[in-house]
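Visitor: I am attaching a structure below and will ask some questions about it afterwards.
Just so it is clear, none of the values below were taken in a lab; they were calculated from the coordinates. Just so it is clear, the structure is predicted and the values come from calculations on it, not from any experiment. Heads up, the Cβs are rebuilt from the backbone with ideal geometry, glycines too, and the neighbour counts pull from every protein chain shown.
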Amino acid sequence: MSSADAATSQQHFAALIQEQLQRVERMKQDTEWMDYATLNPIIIGVIGGDGIGPFIAAESQRVLEFMLKDEVASGKVEIRVIEGLTIENRAAVGKAIPDDVLEEIKKCHVTLKGPTTTPRKGDPWPNVESANVAMRKELELFANVRPVKVPSEGLDWMFFRENTEGAYALGSNGVNVSDDLAIDFTVTTTPGSERLIRLAFEYAAKNNIPKVTLVTKANVVKTTDGKFLDIGYRIAKEYPNIECDDWYIDIMTAKLIDPKRRTQFRVMALPNLYGDILTDEAAEFQGGVGTAGSANIGKRFAMFEAIHGSAPRMVDEGRAQYADPASMIRAAGMLVRHIGFENRADKMEKALDICGQLEKKVVLTGRDNGATGKDYADYIMATIQNPELEAKWHGFQK
Ligand code: IPM
Ligand code: MG
């Protein structure tokens with residue numbers, strides 16, 4: 001919205017409130033979880049995206065096909081490539097996700113998505129909303145689940161980032177009230193917070209993790225973060241065996257680099273923007289965002305992706321084949337777990353830990369003095385098949 005005035009801005013705000021109230025009602029109706037065991041076939045969409053996306057997506061698809069060979073052969077799993085989620089197409093139709101592409105995405109039960117370019121001010125592209133953000137909202141992918149693990153240092157973190165609300169809910173709907181006054185909005189809803197925080201507690205309960213940490217800035221952002229925090233402690237009462245504590249985002253960011261403290265964090269639940277920032281910081285311990293995958297979970301759909309962007313510079317400089325596919329292969333592992341193949345997902349994760357943090361026999365530098373993404377995917381698959389996989393990984397635990 002360009003420069004408005006006070007009256008138009010008030011109308012704009014009134015319309016946003018109505019939309020959000022309707023969204024709350026929709027969330028309350030949405031109670032059923034998809035049961036993958038009943039699906040035949042399970043349809044997996046692979047979306048290339050922009051920049052290095054198609055390169056790392058192709059390697060991840062190879063690993064996925066390797067892991068699900070039998071199911072693909074028997075027809076139990078179908079893997080489909082979805083074209084067209086590119087910045088060129090999105091710019092041409094002026095939409096975060098072109099309608100025909102969204103329709104194809106909705107025909108899949110789960111998707112594995114390469115990074116997509118998010119236009120920002122000054123780019124040659126029109127300022128369309130981020131495809132990631134749009135997809136999370138369109139498919140109600142309310143939980144962004146981001147693991148970070150460094151077994152040799154005893155780090156084992158699982159972040160549950162709220163994925164449809166907070167500063168992102170209306171991130172493209174702020175108001176320039178006048179030349180001197182700009183206002184953005186941040187949104188917290190009861191059903192939106194409950195579903196995310198409950199998922200974090202369920203994860204902790206299922207994995208015997210004794211603590212969930214809530215991260216907010218409720219001392220300053222009192223209304224929305226305050227609500228998230230209250231809901232967190234209310235839900236904690238349903239899980240008497242799990243301790244619940246809370247930290248403010250500033251000190252949390254600091255404590256993540258405190259070697260004495262950081263191993264004590266296990267499961268974190270946090271609003272959207274804090275989750276965005278903290279998970280990039282966290283991924284750095286594991287080797288950077290290039291190694292980190294994430295699951296975007298909703299009740300009906302789920303989408304799996306790297307946590308980083310499309311690195312257009314690597315493509316411009318002719319280096320795309322040297323991009324690290326580990327992030328997206330990790331995401332593929334989370335997909336495999338989500339649709340019910342836990343043992344295979346364990347193997348994928350262990351192989352990624354061994355290849356990236358322990359053995360490092362194939363090293364990517366992002367340039368031609370290092371390995372290619374294809375070499376790396378081959379290395380991962382060879383490690384998965386290696387009978388010594390378990391032994392190697394156990395030797396690596398702290
Ligand atoms: C992420 C990314 C996105 C986000 C961008 C690309 C919009 O940083 O997935 O963390 O902010 O959520
Ligand atoms: Mg981010």
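Visitor: Which ordering of His308, His12 is given by a fewest-first count of other beta-carbon atoms within 10 Å?
Guide: Exposure proxy ranking, most exposed first: His12, His308.
Visitor: Still on this structure, I have one more. First obtain the Kirkwood hydrodynamic radius of segment 252-354 from its Cα pairs, then insert it into the Stokes-Einstein equation at 25 °C and 0.890 mPa s, and state the resulting D in µm² per second as a whole number.
Guide: 161 µm²/s
Visitor: Could you check which residue among Ala169, Ala204, Ala15 shows the biggest mean-square fluctuation in a GNM of the chain with a 10 Å Cα cutoff?
Guide: Answer for the Gaussian network model of the chain: Ala15.
Visitor: What fraction of the DSSP beta bridges in the chain is antiparallel, stated in percent and rounded to the nearest 5?
Guide: Approximately 45 percent, going by the DSSP bridge assignments.
Visitor: With r as the distance between the Cβ atoms of Ile43 and Glu238 and R0 = 45 Å, compute the FRET efficiency 1/(1 + (r/R0)^6) and round to 0.05.
Guide: For Glu238 and Ile43, the calculated efficiency is 0.85.
Visitor: Ranked by Cβ crowding within 10 angstrom, fewest neighbours first, how are Lys121, Lys361 ordered?
Guide: Arranged by neighbour count, lowest to highest, Lys121, Lys361 become Lys121, Lys361.
Visitor: In addition: Excluding same-chain pairs closer than 8 in sequence, count the lysine pairs in segment 1-141 whose Cα atoms lie under 19 Å apart.
Guide: Taking segment 1-141 as the scope, the lysine pair count is 10.
Visitor: Between Glu65 and Asn219, how high is the FRET efficiency from 1/(1 + (r/R0)^6) when r is the Cβ-Cβ distance and R₀ = 56 Å? Nearest 0.05.
Guide: Details: r = 49 Å, r/R0 = 0.88.
Result of the calculation: an efficiency of 0.70.
Visitor: How many percent of the alpha carbon pairs in segment 63-218 exceed a separation of 19 Å?
Guide: Every Cα pair in segment 63-218 considered, those over 19 Å come to 68 percent.
Visitor: Let me ask another. Determine how many Å³ per residue the convex hull of the Cα atoms of segment 175-267 encloses. Could the numbers behind the result be given before it?
Guide: On the way: hull volume 10.7 nm³, N = 93.
Residue-normalised Cα hull volume stands at 115 Å³.
Visitor: Through the Karplus equation 6.51 cos²θ - 1.76 cosθ + 1.60, θ set to phi - 60°, convert the phi angles of segment 33-49 into ³J(HN,Hα) values in whole Hz; use x for Gly and Pro.
Guide: Coupling constants for segment 33-49: 8, 5, 10, 5, 4, 8, 8, 8, x, 7, 9, 10, x, 10, 10, x, x Hz.
Visitor: Could I ask something else about it? Quick one: if you stick a label point 7 Å off each Cα along the C-beta vector at Glu342 and Gln11, how many nm between them?
Guide: 5.5 nm
Visitor: Something else now. Would you calculate a helix-derived [θ] at 222 nm for the chain, using -39,500 (n - 2.57) for each DSSP H run of n ≥ 4 and dividing by the full residue count, to the nearest 500?
Guide: -12500 deg cm²/dmol
Visitor: Where does each of Thr38, Thr118 land when they are ranked from fewest to most other beta-carbon atoms within 10 angstrom?
Guide: Numbers: Thr38 7, Thr118 19.
Neighbour counts put them in this order, fewest first: Thr38, Thr118.
Visitor: One-quarter of the Cα convex hull surface for segment 308-360, in nm²? Before the final figure, lay out each step's value.
Guide: Working: hull surface 17.4 nm².
Result: a mean projected hull area of 4.4 nm².
Visitor: Over segment 42-124, what lengths in whole Å, largest first, do the semi-axes of the equivalent ellipsoid take, defined as the square roots of 5 times the eigenvalues of the alpha-carbon gyration tensor?
Guide: Semi-axes from the Cα gyration tensor: 27, 14, 7 Å.
Visitor: Something else about it: Using only Cα positions of the chain, each an equal point scatterer, no hydration layer, compute I(q)/I(0) via Debye at q = 0.06, 0.08, 0.12 Å⁻¹ and quote the log10 values to two decimals.
Guide: With one equal scatterer per Cα and no solvent, log10 I(q)/I(0) is -0.24, -0.42, -0.99.
Visitor: Kindly provide the trypsin sites (Lys or Arg not before Pro) of segment 168-232 that DSSP labels as loop, not H, G, I, E or B, and whose Cβ sees at most 12 other Cβ atoms within 10 Å. Spell out each step's value before the answer.
Guide: Numbers: sites: Arg195, Arg198, Lys206, Lys211, Lys217, Lys222, Lys227; in loops: Lys217, Lys222.
Those satisfying the criteria are Lys222.
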